[in-house]
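**Q** Right, I'll just put the structure down here and ask away after.
Taken together, the values in this text are just the output of simple stated rules run on the coordinates, not laboratory data. Source: prediction; values computed, not measured. Using ideal geometry, Cβ is built from the backbone for each residue, glycine included, and neighbour counts are taken over all protein chains shown.
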Amino acid sequence: MTIIQILIVVVAAFFWGMVMRERGRAWFLLVASVLVIFWLQPALPIRGIDFWIPVGTLVITIFSWYITAHEEARRAGKNWVVIAVVAGIVLLLNLIRYFPAAQFLTASRPPQIKIYFAILLVSSLTFLLVTGLTKYNRALLSISILALILIFLSIKIPALTYWVSYGLRALVGQSLTDVKALDFRWLGFSYIAFRLIHTMRDRQMGRLPVVDLGEYITFVIFFPAFTAGPIDRIERFIQDLRRPFIRPGHDDLLIAGQRLLLGLFKKFVIADALALIALNDTNALQVRATGWAWILVYAYTLHIYFDFSGYTDIALGTSRLLGIHLPENFSSPYLKPNLTQFWNNWHMTLTQWFRAYFFNPVTRWLRALRVWQKPLPVPVMILLTQIATMILIGFWHGVTWNFALWGLWHGFGLFIHNRWNDLTRVRATAWATTPLCQSMLNISGILLTFHFVAIGWIFFALSSPAVSWHVLLKLFALR
């Protein structure tokens, strides 16, 4: 998001919070969120695709609600009103193809109206087909989770994205000579997929609350958190959404204003300034001195924190104006004395998601596993689960060798810390009996953890293992 887009969103949230009434709150959040996903979707070279991607987001979200909704929620008459409103918004956005002055709401000129009605017809027929499969609801949920993962992979694996772009260009009759993977970019899908999988898994486990369609759509595409999180939980979100709205008072405005100003300062002052010297593919191969190599790595380490946490502060401040208290995502992660605490305080909602839906279930499965009639040794279980979890977190950012290496780096780091902590806990406690010794232990842990994380960012920032290896050798004056 640009600073202009952020300011427009903040002003809209402030206006609603101060002027609108409780009665229109849910509708405002729904309509605003639908509009924003079209408005923020970047322009793409494939004809019409930057319009159909947000439509696809809405179709997938409505479909996901239906297969996860409780029977009483499905029967509510309000759902048809919500569908009509969403379809009406998309139709109006489609109609602005005839009004050039209003085309700022979409990335490019919307496609022809007849295509919209064709897509609407196909989506409706598919929806009617799904209604006949509700008795196979649990299997349908599993298939849907798998489908979301496949879509995710098609976006995150560059080779697959290339062929998706190739196919879409062929479908609309465009030239196939200059196809690129970047021709197809689905804004926000990483967060959308995790929110949808969260509701599907909770429905399978029988713990998903009753949620109507409007609440579900608003949760999935809630505009302050659409592009950069945090990843909320639906049971927490709807508590705020259903709570009677009280116009923001002095304290709320002060807290929201502080978060917004802090976030803007972090992102557009500190992070953008650090980006000028932060590690990237270009300067990684140009740097000659070891000292400058460390400066590039330190700059990237701070840049990624201020950039990401800045966006989070903006999301939290904006949502507070709307009466929604999103969960915190960062809590001074670079000041933590070990890697475990770092990950408990860095992108907290992501790590909590993986802990709930991958790490804990896999750990339980490994505990029950028997190899030659014997359980797996505890260290082996810890190693397998931590490495697998961190590689998946790496793949969430992109399915490349470098993100896999980044995941391995942190997976092995967490395992080593776990084993080291078990071996030295008693001795460390016996040694750190004075404030000075405790401070020394804490400071040394912070420095070690910070540099371990900073070195790991090399894999995250660069595009290939070869370039990463070049930087690693330069850091330690081996090249």
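**Q** Report, ordered by chain and residue number, the lysines lying within cross-link reach of residue 180, taken as a straight Cα distance under 26 Å and ignoring same-chain residues fewer than 8 apart.
**A** 156
**Q** Run lengths n ≥ 4 of DSSP H only: what is the helix-derived mean residue ellipticity at 222 nm for the chain, with -39500 (n - 2.57) per run over all residues, to the nearest 500?
**A** Rounded to the nearest 500, the figure is -22500 deg cm²/dmol.
**Q** So for each of 193-206, 438-451, 52-65, 232-245 I average, over its residues, the number of other beta carbons within 10 Å; can you give me the resulting order with the highest mean first?
**A** Most protected by this proxy first, the peptides run 52-65, 193-206, 232-245, 438-451.
**Q** What share of Cα pairs, in percent, lie more than 27 angstrom apart in the chain?
**A** Tail fraction, whole percent: 62.
**Q** Another question about this same structure. Quick one: give the max-minus-min coordinate of the C-alpha atoms of segment 163-267 along each principal axis, largest first, in Å.
**A** Computed over segment 163-267, the largest-to-smallest principal extents equal 58, 43, 19 Å.
**Q** Please arrange 166, 191 by counting, for each residue, the other beta carbons lying within 10 Å of its beta carbon, fewest first.
**A** 166, 191
**Q** Same structure again: Calculate the dipole size of the chain relative to its Cα centre from +1 charges on Lys and Arg beta carbons and -1 charges on Asp and Glu beta carbons; express the result in debye to the nearest 20.
**A** It works out to roughly 820 debye.
**Q** Using the number of other C-beta atoms within 10 angstrom as an exposure proxy, rank 303, 325, 70 with the fewest first.
**A** 70, 325, 303
**Q** While we're on this one: Give the separation of the Cα centroids, segment 141-214 to segment 46-119, in Å.
**A** 17 Å
**Q** Counting Lys and Arg as +1 and Asp and Glu as -1, what is the net charge of the other residues whose Cβ lies under 13 Å from the Cβ of residue 461?
**A** Working: positive: none; negative: 281, 307.
That works out to -2.
**Q** Can you work out the PRE-style zone for residue 2? Point 7 Å along Cα to Cβ, and I want the residues of segment 86-107 with backbone N under 18 Å.
**A** So the set is 101-107.
**Q** Along its principal axes, what span do the Cα atoms of segment 334-475 show, with the longest given first and each in whole Å?
**A** Its Cα atoms span 46, 44, 29 Å along the three principal axes.
**Q** Now a separate question. If you filter segment 53-149 for trypsin sites (Lys or Arg not before Pro), then keep DSSP loop positions with at most 16 other Cβ within 10 Å, what is left? Spell out each step's value before the answer.
**A** Details: sites: 74, 75, 78, 97, 114, 135, 138; in loops: 75.
Filter output for segment 53-149: 75.
**Q** Let me ask something else. Of 261, 398, 475, whose Cα points farthest to the positive end of the dipole of the chain (charges on the beta-carbon: +1 Lys, Arg; -1 Asp, Glu; origin at the Cα centre)?
**A** Comparing the listed Cα positions along the dipole, 398 ranks first.
**Q** I would also like to ask the following. Tell me the Rg and the Dmax, in Å, that the Cα atoms of segment 250-330 produce.
**A** Rg and Dmax of segment 250-330, Cα atoms, are 16.2, 54 Å.
**Q** Arrange the following residues from fewest to most other Cβ atoms within 10 Å of their Cβ: 247, 364, 185.
**A** 364, 247, 185
**Q** Let me understand segment 3-242 better: what is its radius of gyration from the alpha carbons, and its Dmax, in angstrom?
**A** Calculated on Cα positions, Rg and Dmax stand at 18.0, 54 Å.
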